[in-house]
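The values are calculated or read from the model by the stated rules, or taken from the named source; none is laboratory data. Since we're looking at a predicted model, the values are computed, not measured. So basically every Cβ, Gly included, is an ideal-geometry build from the backbone, and we count neighbours across all protein chains shown. SASA here: full protein model, heavy atoms, side chains in, ligands and nucleic acids out. Shrake-Rupley method; radii C 1.70, N 1.55, O 1.52, S 1.80 Å.
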Amino acid sequence: MPAVSKGDGMRGLAVFISDIRNCKSKEAEIKRINKELANIRSKFKGDKALDGYSKKKYVCKLLFIFLLGHDIDFGHMEAVNLLSSNKYTEKQIGYLFISVLVNSNSELIRLINNAIKNDLASRNPTFMCLALHCIANVGSREMGEAFAADIPRILVAGDSMDSVKQSAALCLLRLYKASPDLVPMGEWTARVVHLLNDQHMGVVTAAVSLITCLCKKNPDDFKTCVSLAVSRLSRIVSSASTDLQDYTYYFVPAPWLSVKLLRLLQCYPPPEDAAVKGRLVECLETVLNKAQEPPKSKKVQHSNAKNAILFETISLIIHYDSEPNLLVRACNQLGQFLQHRETNLRYLALESMCTLASSEFSHEAVKTHIDTVINALKTERDVSVRQRAADLLYAMCDRSNAKQIVSEMLRYLETADYAIREEIVLKVAILAEKYAVDYSWYVDTILNLIRIAGDYVSEEVWYRVLQIVTNRDDVQGYAAKTVFEALQAPACHENMVKVGGYILGEFGNLIAGDPRSSPPVQFSLLHSKFHLCSVATRALLLSTYIKFINLFPETKATIQGVLRAGSQLRNADVELQQRAVEYLTLSSVASTDVLATVLEEMPPFPERESSILAKLKRKKGPGAGSALDDGRRDPSSNDINGGMEPTPSTVSTPSPSADLLGLRAAPPPAAPPASAGAGNLLVDVFDGPAAQPSLGPTPEEAFLSELEPPAPESPMALLADPAPAAEHPRHLAPPAPSGLSESSQSSDRTWVGQRDSDGALPPPPTAGRMYLFYGNKTSVQFQNFSPTVVHPGDLQTHILSGPLAVQTKRVAAQVDGGAQVQQVLNIECLRDFLTPPLLSVRFRYGGAPQALTLKLPVTINKFFQPTEMAAQDFFQRWKQLSLPQQEAQKIFKANHPMDAEVTKAKLLGFGSALLDNVDPNPENFVGAGIIQTKALQVGCLLRLEPNAQAQMYRLTLRTSKEPVSRHLCELLAQQF
Amino acid sequence: MIKFFLMVNKQGQTRLSKYYEHVDINKRTLLETEVIKSCLSRSNEQCSFIEYKDFKLIYRQYAALFIVVGVNDTENEMAIYEFIHNFVEVLDEYFSRVSELDVSFFNTVFHGTWQMHSGPYQTRSCSVTQAGVQRCDHGSLHPGSPGLK
């Protein structure tokens, strides 16, 4: 032990330590220590002044005793005395003692600080270093307050030795991390950056660490470091393997410094200077090239160090995400590692590739490795590597490979580690939903998921499948059939029973025609599982049973028998008991009609962000889910992949009646119009200004004007529902009084109420919802009643290719006399459009077919989002839109009294923001807004100049799309 | 960023620990037990990186001694992995053939010499070999004596 033999051995200490080691028992050890403590105490208290050597020796002993786990309550003063010694060894032990046993004794702290100050000012580099190390090791706030201002000065002083600069940089870093507010920024920051050019590699390394930390808070102060870092990196990367001598590690020049420099560059965007950028790209290419060269050493240390740099280089390339060529090369390099025999490399390659998959440039390149990754999922022996492989599969999934990936992940799920099953389940559920082309596949996948890993299928997952089935009528029959089959397995998971119960309760009628799944069979199948289930599931099944009574009157007696059984009516669980009692009574007292209304099919769920996605994000923390929710890779994904409200389940609501009814706070039916007009049709035109034009003179814009022809005896009437409109003022103007007076002319036949409530759907401004009420005002039943929404030029209900995506639910084919039917339209604007969609209502009234085609008051301005901006911004944008076709202008005569307040209200109702203090003329109105469609956003600026004398207006619109300008101008001009 | 640096033997005794973030003394013991447990449960075929709570453990085994570094997830795993080896090489040079006993004894003085590192990652690429030699030059800084072994 050369180091030890060189020391000026303290014999007393050595003897003491070997005594301790030789102690046979704990008691003996304590005895020996107490003896020594007494000895030291007497020496320190003695009259004789101790020399430095003895002090050092005793302080060392105390330190040793402390490190053995005993408390030390004296000796601090002696240690502080050692600090002022001129002998290195004594000073060093003093600092050691203080670093280990720092005490909040204020008297002592003052003395210590004084000693440190002296050493910092001593110009002796060794002493300065010791002092700096002590500050860093203690790193307390008090230390920071005392020295944070001095250290930057030492760091950038021209005459500081390299080792002092290095220690000062690290000390400052430590203080900054502990209490950032104490480190003052100033002119020294610029000089710190220049340390990157220092001759001494140790100084450079310390400086890079410091700058990397500081620049996160103040990127602008340090942005000159980018070019310096690039040139330093370039010198290291291009140096021969022996150039850097001490800093070469197994033939790799300065590997850790390279990694740090690459990390620093990741704090900034790609360099703007072409020369710097060129040099950097060259470096990155050199690193990638070196990876292909034969290794200079067979030692694993050599390749490890080389790969550390390589992985950091790839991180930087991914961070820039702008060099397709480098991204693809990085991907290929990682592809080689995927098959490497070193587990560490396979793990890291999978991890890096996961981030590469989210870049548009390398997504395709990553996809080529799908077979290797799937193989890794199957054969890797290390669970953490398999986990990475599963993550990567998830990240590289898109429409083209979804089926393959989902089936592989399902297979993996059967053998996966228990700890990660839930996550895999969530991922499968998300992929299946996001990339579902047909919904039967989606339903199959989720049911498989429940079958394989039912315990790990969280509520969100099975809520979600129910939402999707409820919202998509094309899959309901298939879903009913599939769950019916799945439930026939002798042992099926409780989650399967829940899904099965819900779906059969809603859509069991769709498979009731088949004698193998006739209503009694469905019921007995479900009921056979009943007793094995938890309370929550049983509650859900009870709801299913009452729905069965409505769907299949023939099962009524059986089900009532079940409900009446003592085990239900007197169930210990209050929830079950209440349900049984209420359902039993409901089924006995309510008429068929009431039952049918109460137990109506669930309405579609509102579209929201998928709760599963939210859950996965929660699980993995922010960032982890980033690869999955970016829409750019898959622009074609729409409606279904959007997401819906997660909390519909019957079990999730505590009140049995509320969920049973399945009616969300339904709007109160609009009151039938008071005075019956002269058999005239009510042509009430909704309530927004966009609808108002129908009252205006231009026939082609008149909504619902086609209503006129079917003659006075047509039983349809329309009614506006102004009250809800007031709740959602964003897209609706204040209720127009004229609309109400119109409604009072209502006929006594039928009315259709409408309200527009996109307020219920806060996040996407591209979506809106409309409630339609069809009322039969006659006493005769309407038959074959079927309203459909079409967009001119496209006769399909789901107009996925049209400008609007409209989701509706079928309404009952019969409307009884005096009854009212509600229909909800979910409308999403995919791109801009000019003509409003049409509502075509067909029904038979007294044997004669009736057809009405009405324009829905859905105009492009309904998707306006107001934008506030300053005058300066407004004019700048106004100028940017100066092409002749971007502007539409109209000069027209006022049709209504020119009232500034009314005009303001109309403009706000139109959807734009009103900007004050923009137009120099206060009489004029200026507005701005953005039309939000799924495909694009159209910025709109408008200016309205009233001329009170001439009773004229001039309206100017500028948008980035020509037809939109003209159309908006037409629409708006009719309002005044 | 490095959160902590541990040297633990197979019996679960901590030979050296250095924390760069504040962790309660009681929690440290618990953390160290869990960390060594998860390292011991792994075979040679498994990779040297463990995801543990919200950070990563990077470990290497030298005879009966595990060196474990806890890092946050932005750290370069390979660089830390190799840093561990570099560190061991320095110890080896300092003690000329380092053993676990050296380390446990070294712990006593480590607080002093660790100042050289002031956070290992910070200075680590300052050729640690050189730092090691420097340390040998300051041989006097070692308060122990040959009798200890």
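Phi-derived couplings, Karplus 6.51 cos²θ - 1.76 cosθ + 1.60 at θ = phi - 60°, listed residue by residue for the range A:34-45: 4, 4, 5, 4, 4, 4, 5, 4, 5, 5, 5, 7 Hz, with x used for Gly and Pro. Of the residues A:Y774, A:Y478, ranked by 1.4 Å probe accessible area with the largest first, the sequence reads A:Y478, A:Y774.
A cut-off under 15 angstrom between Cβ atoms defines the neighbours of A:L955, and their net charge, with Lys, Arg +1 and Asp, Glu -1, is +3. Amide H contacts of B:K3: B:G70, B:V71, B:N72, each under 5 Å away and 5 or more positions distant or on a separate chain (H built 1.01 Å from N in the peptide plane; Pro and chain starts excluded). In the range A:375-393, burial by the other protein chains removes 20 Å² or more of accessible area from A:R381, A:D382, A:S384, A:R388, compared with the chain on its own (1.4 Å probe, ligands and nucleic acids ignored).
Could you look at the range A:435-553 and say what percent of its accessible area is carbon and sulfur, using a 1.4 Å probe and all protein chains?
Working: 2140 of 3920 Å².
Of the solvent-accessible surface of the range A:435-553, carbon and sulfur hold 54 percent.
Computed from point charges on the beta carbon alone (+1 for Lys and Arg, -1 for Asp and Glu), the dipole magnitude for the range A:861-974 about its Cα centre is near 420 Debye. Using 0.36 nm per residue and subtracting the Cα-Cα separation, the extra length available between A:A49 and A:T585 on full extension is 182.9 nm. Applying a threshold of 22 Å to the alpha-carbon distances of A:K260/B:K27; A:K165/A:K260; A:K547/A:K777; A:K56/B:K3; A:K879/A:K961; A:K35/B:K18 flags A:K260/B:K27; A:K547/A:K777; A:K56/B:K3; A:K35/B:K18 as lying beyond it. Residue-wise HN-Hα couplings along the range A:429-442, as the Karplus relation 6.51 cos²θ - 1.76 cosθ + 1.60 with θ = phi - 60° gives them from phi, are 4, 5, 4, 4, 6, 5, 10, 5, 9, 10, 7, 5, 4, 4 Hz; Gly and Pro carry x. Residue by residue along B:71-79, Cβ atoms of other protein chains within 10 Å of the local Cβ number 6 on average.
Using the Cα gyration tensor of the range A:374-598, with a ≥ b ≥ c the square roots of its eigenvalues, what is the shape: rounded (a/c below 1.5), prolate (a/b larger than b/c) or oblate (neither)? List each step's numbers first, then the result.
On the way: a/c = 2.84, a/b = 2.02, b/c = 1.41.
Judged from the Cα gyration tensor, the range A:374-598 comes out prolate (a/c at least 1.5, a/b above b/c).
Computed with a 1.4 Å probe over protein heavy atoms only, the accessible surface of the range A:894-976 comes to 43 Å² per residue. Shown are A:H302, A:H194, whose ranking by accessible area with a 1.4 Å probe and every protein chain present, most to least, is A:H194, A:H302. Calculated accessible area for the range A:374-598 comes out at 37 Å² per residue, all protein chains present (probe 1.4 Å; ligands, DNA, RNA ignored).
Rounded to the nearest 100 Å², what is the buried accessible area between B and A, both sides summed, probe 1.4 Å?
Details: alone 8450 and 43530 Å², together 46760 Å².
Counting both chains, the buried surface is close to 5200 Å².
Can you bin the range A:446-531 into rounded, prolate or oblate? Criterion: square roots of the alpha carbon gyration tensor eigenvalues sorted a ≥ b ≥ c, rounded for a/c under 1.5, prolate for a/b above b/c, oblate for the rest. In terms of gyration-tensor shape, oblate.
Per residue of B:47-54, how many C-beta atoms from partner chains lie within 10 Å of its own C-beta, taken as a mean? Could the numbers behind the result be given before it?
Details: counts 12, 4, 9, 1, 3, 0, 0, 1.
Mean shielding count: 4.
Close amide H contacts of A:I931 (hydrogens built in the peptide plane, cut-off under 5 Å, sequence separation of 5 or more or a different chain): A:Q865, A:V938, A:G939, A:C940. Whole-Hz Karplus values for the range A:209-223 come out as 4, 5, 5, 4, 6, 5, 6, 5, 7, 10, x, 5, 4, 10, 5 Hz, taken residue by residue from phi with 6.51 cos²θ - 1.76 cosθ + 1.60 and θ = phi - 60°; glycine and proline positions read x.
Note down the net charge around A:L881, summing +1 for each Lys or Arg and -1 for each Asp or Glu among other residues with Cβ under 9 Å from its Cβ.
Numbers: positive: A:R877, A:K879, A:R958; negative: A:E887.
Summing Lys/Arg as +1 and Asp/Glu as -1 gives +2.
Evaluating kT/(6 pi eta Rh) at 4 °C and 1.567 mPa s, with the Kirkwood radius of the range A:861-974 over Cα pairs in the Stokes-Einstein relation, gives 92 µm² s⁻¹. Near A:Q823, once Lys and Arg are set to +1 and Asp and Glu to -1 for all other residues with Cβ below 9 Å from its Cβ, the sum equals +2. A:E364 exposes around 110 Å² of accessible area when a 1.4 Å probe is run over every protein chain in place.
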